[in-house]
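Reviewing the structure listed below.
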Amino acid sequence: MNLTDVKLIATDMDGTLLNSEKELSPVFFHLFDQLKTKQVLFAAASGRQLFNLQNELSSIKEDVIFIAENGSYVAYRNRELLVQDLNKDIVHGLVRIARKIPDAYTIVCGKQQAYIENTDARFIEHVNMYYDRQMVVNDLLEVEHDQFLKIAICDFRGSEQNSYEWFRHLENELQVKVSGSLWLDLSHILANKGQAIKALQKEFNIGYNETMVFGDYLNDLEMMKEGYFSYAMENAHPAIKGAARFITASNDDNGVTKVLDKLLDAMR
């Protein structure tokens with residue numbers, strides 16, 4: 001395949017496009033402007049909330065496709081391209097299980113905002129990192145008048161070793177994703193970044209061979225399968241390295257922007 005064929009780029013944020021300090025590379029916006037002139041679409045694909053992603057990329061938000069909440073919500077230029085929400089009864093059942101997990105805290109991720117019922121300072125620090133619109137409620141089971149996109153569990157004992165074990169039996173019914181060392185995400189069985197990429201390919205008439213993706217953790221696994229130019233970060237989970245066609249430098253060594261620079265050189 002030829003790099004000059006690329007028409008869609010989708011990249012995870014944390015551990016991928018952002019470095020360990022949650023910062024963008026100084027050259028990213030310059031590269032983004034050049035990609036825009038080449039009419040290459042750019043998508044930010046993350047477990048983060050839509051509003052958080054929009055604020056993170058505020059200066060270019062009108063030209064970015066946002067794949068939020070691990071693919072449950074896709075939006076572009078104030079237009080919803082995909083919403084894959086959870087039934088309220090399912091949400092309530094998941095919350096009841098999550099409350100039993102030691103040293104773990106639950107976020108109900110709605111389309112309007114995120115809802116929490118615990119204000120532990122350590123937990124709030126992590127909530128503030130990824131959810132710009134949030135509300136503290138007395139009881140998560142009483143939240144009404146929103147569409148529920150995801151349940152996120154912040155697990156201070158480690159999501160892969162602790163909270164995942166409480167939900168792994170539901171993997172045939174839901175997306176049960178270890179999305180970070182402290183994070184477990186539960187969403188609709190059809191909600192993942194790979195399905196979001198498929199929706200974008202259909203919407204914009206873009207093929208598998210014209211798609212480039214970047215990721216580092218298990219919530220990027222399906223996305224790795226939807227583009228020929230699939231890149232795992234050097235710092236990626238072993239399963240992502242196994243699924244990707246290519247490996248690039250780590251997020252702290254600007255692995256994404258190095259590939260984008262190479263892509264633009266080929267297009268010139």
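Read the figures in this text as sums done on the coordinates, not as results from a lab. None of the values given here were measured: they were computed from a predicted structure. Methodologically, a virtual Cβ is constructed for each residue, glycine included, from the backbone with ideal geometry; neighbour enumeration extends over all protein chains shown.
Considering only residues that are touching a residue at least 60 places away in the same chain (Cβ under 8 Å) and under 17 Å from the mean Cα position of the chain (by Cα), which ones fall in region 134-177? Once the filter is applied, which keeps residues that are touching a residue at least 60 places away in the same chain (Cβ under 8 Å) and under 17 Å from the mean Cα position of the chain (by Cα), region 134-177 yields Phe148, Leu149, Lys150, Ile151, Ala152, Leu174, Gln175, Lys177. Is it true that some residue in region 15-23 is within 23 Å of Gln195 (Cα to Cα), of a type in the set (A, V, I, L, M) and crowded, with 23+ Cβ neighbours inside 10 Å? For region 15-23, residues within 23 Å of Gln195 (Cα to Cα), of a type in the set (A, V, I, L, M) and crowded, with 23+ Cβ neighbours inside 10 Å: present. Tell me, please, whether a residue that is part of a helix (DSSP H, G or I), among the small types (Gly, Ala, Ser) and under 29 Å from Val178 (Cα atoms) can be found in region 22-43. No, because not a single residue in region 22-43 is part of a helix (DSSP H, G or I), among the small types (Gly, Ala, Ser) and under 29 Å from Val178 (Cα atoms).
Taking region 201-225 as the range and being under 19 Å from Val83 (Cα atoms) and more than 15 Å from the chain's Cα centre (by Cα) as the test, the residues that pass are Gln201, Lys202, Glu203, Phe204.
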